[in-house]
Amino acid sequence: MSNIVAIVGRPNVGKSTLFNRLTQTRHAIVSEEAGTTRDRQYGKCEWTGQEFSVIDTGGWVVNSDDIFEEEIRKQVALATEEADVILFLVDVQTGITDLDEQVAAILRRGKKPVILVANKADNNQDIYQAAEFYSLGLDEPYCISAATGSGTGDLLDLILSKFKKETTEDETEPDIPRIAVVGRPNAGKSSLVNAFIGEERHIVTEIAGTTRDSIYTRYDKFGFDFYLVDTAGIRRKSKVSEDLEFYSVMRSIRSIENSDVCILMIDATRGIEGQDLNIFQLIQRNQKSIVVVVNKWDLVPDKDTKVMKTMEEAIRNRMAPFTDFPIIFASALTKQRIFKVLETAKATYENRRRRVSTAKLNEEMLPLIETFPPPSMKGKYIKIKYCMQIPDVRVPSFVFYANLPQYVKEPYRRFLENKIRERWNFSGCPINIFVRQK
């Protein structure tokens, strides 16, 4: 289970630049114009083998009448509430402003670890000027340059040292599936969980998980036995109303990371939207299995086979290139196909644990590779002589041994993955393809 780091600060101090630096992406738009970032960005950062989530927030503005700044302020407040560590960015070249002091006063009242980061320290003279930030009362300012990357390595070491040590004891049984119901607000997550649990409360046992943001509900009815990971939209509705979309994503990060199979809820009356794709990408990024449930199917007029097929094609097209996942049209209110959702989630979990023997894998794949070999590169021919499935990993992973693995490109890896999916049932599960030196 990874931690969450929120980057906050007043406008135009380099939050998006630091986000891009930590996640090694260019997802956040960087501009000299203050207030460029309005929507939130979230990504993954890996350092010394430890992975955590990073949230880029909009510039924190206090006592403003601008409608965008009011929304940004609420989203930043939610980010700091959910984060494990807060990076408070200031501009060493501009110095302390009234807004910095107001933000610092808010962060001092909080209970979360705060790292004061003095950005834009591009030379030694700028580092000397950072001493004035001691007056903010947030301990020693840490000087970096997000644009050049100077100091970010030591900053990452400091961030890791602030994380709480996770307990090694896991009260849940590892062999029992963990199924998370995720989706954007009002997609029917609560209704689906209530339909699963029903009124017979004696079959439900609440077990506190290893993390403070997930609750496991033991479900052992009708021959099923799994842990249902409740999302915050179910567990803490009172706080979701502050900002539905942002809070949904924040909580979905934690729920997805702590699950084996994710049930992604889509509102049939609204179709697939951008928020659904964001959560789908989170599931893919964390390499979790997925079952897509199109909820509220009872409210769709003229719901014949043609309409169902059209919507299914639209969902797969929007989520391409990964399209090998089950789609179920259900209604949590009328309990239409609810039992099928449980069956499919269990089958997807079994697909995730599927193991293909080395002899069978080579028997099927080597003749295929010989017929359709990797394209030659620079006049050199690539030969794959052996393949096997890597044992004891959480995600189905296959390794192919070749004489020139560096010349096997991504299109051929996808070809190998598709052929494996054609021959063995890995529906709903991610597959890793590795090519190693023979």
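The values are calculated or read from the model by the stated rules, or taken from the named source; none is laboratory data. As the structure is a computational prediction, the values presented were derived from the model and not from experiment. For neighbour counting, all protein chains shown are included, and Cβ atoms are generated from backbone atoms with ideal geometry for every residue, glycine included. For accessibility, only protein heavy atoms count, side chains too; no ligands or nucleic acids. Shrake-Rupley method; radii C 1.70, N 1.55, O 1.52, S 1.80 Å.
Consider segment 96-121. How many of its residues are closer than 20 Å to Leu158 by Cα and open to solvent by 50 Å² or more (accessible area, probe 1.4 Å)?
Residues flagged as closer than 20 Å to Leu158 by Cα and open to solvent by 50 Å² or more (accessible area, probe 1.4 Å) within segment 96-121 amount to 4.
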Restricting to segment 331-346, give me the number of residues that are in contact (Cβ under 8 Å) with a residue 40 or more places away in the chain and not basic (Lys, Arg). 8
(1) more than 25 Å from Glu313 (Cβ to Cβ); (2) of a type outside the set (A, V, I, L, M); (3) touching a residue at least 40 places away in the same chain (Cβ under 8 Å) all hold for Asn362 apart from (3)
Please verify whether Lys409 is touching a helix residue (DSSP H, G or I) at 6+ places or on another chain (Cβ under 7 Å) and under 14 Å from Pro373 (Cβ atoms), treating the condition exactly as stated. no
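For the structure I just gave you, tell me whether Arg316 is among the basic types (Lys, Arg), within 25 Å of Glu422 (Cβ to Cβ) and in contact with an Asp or Glu (Cβ under 7 Å, 6 or more places away or on another chain).
Considered against the rule, which asks whether it is among the basic types (Lys, Arg), within 25 Å of Glu422 (Cβ to Cβ) and in contact with an Asp or Glu (Cβ under 7 Å, 6 or more places away or on another chain), Arg316 comes out as no.
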Elements of type strands (runs of 3 or more DSSP E) contained in segment 301-419, each with 2 or more residues being on the phi < 0 side of the Ramachandran plot and touching a Ser or Thr at 6+ places or on another chain (Cβ under 8 Å): 384-389
Flag for Lys189 being within 23 Å of the chain's Cα centre (by Cα), of a type outside the set (A, V, I, L, M, F, W, C), within 19 Å of Cys45 (Cβ to Cβ) and at pLDDT below 85: no
Hits in segment 260-289 - residues which are modelled with pLDDT of 85 or more, outside any loop (DSSP other than H, G, I, E, B) and over 21 Å from Pro430 (Cα atoms): Asp267
Tell me whether segment 69-90 contains one or more residues that are at pLDDT 85 or above, open to solvent by less than 20 Å² (accessible area, probe 1.4 Å) and assigned to a loop (DSSP other than H, G, I, E, B). no
What pairs come out if I take residues in segment 289-316 that are without any contact (Cβ under 8 Å) to a residue 40 or more places away in the chain and among the charged types (D, E, K, R) and pair them with residues that are surrounded by 20 or more Cβ atoms within 10 Å (Cβ to Cβ) and in a helix (DSSP H, G or I) whose C-beta lies under 8 Å away, six or more apart or interchain? Lys303/Trp297
Taking segment 350-407 and keeping only residues that are among the aromatic types (Phe, Trp, Tyr), open to solvent by 80 Å² or more (accessible area, probe 1.4 Å) and closer than 14 Å to Lys419 by Cα, one is left with Phe372
Within segment 111-132, is even one residue in contact with a strand residue (DSSP E or B) (Cβ under 6 Å, 6 or more places away or on another chain), among the aromatic types (Phe, Trp, Tyr) and at pLDDT 75 or above? no
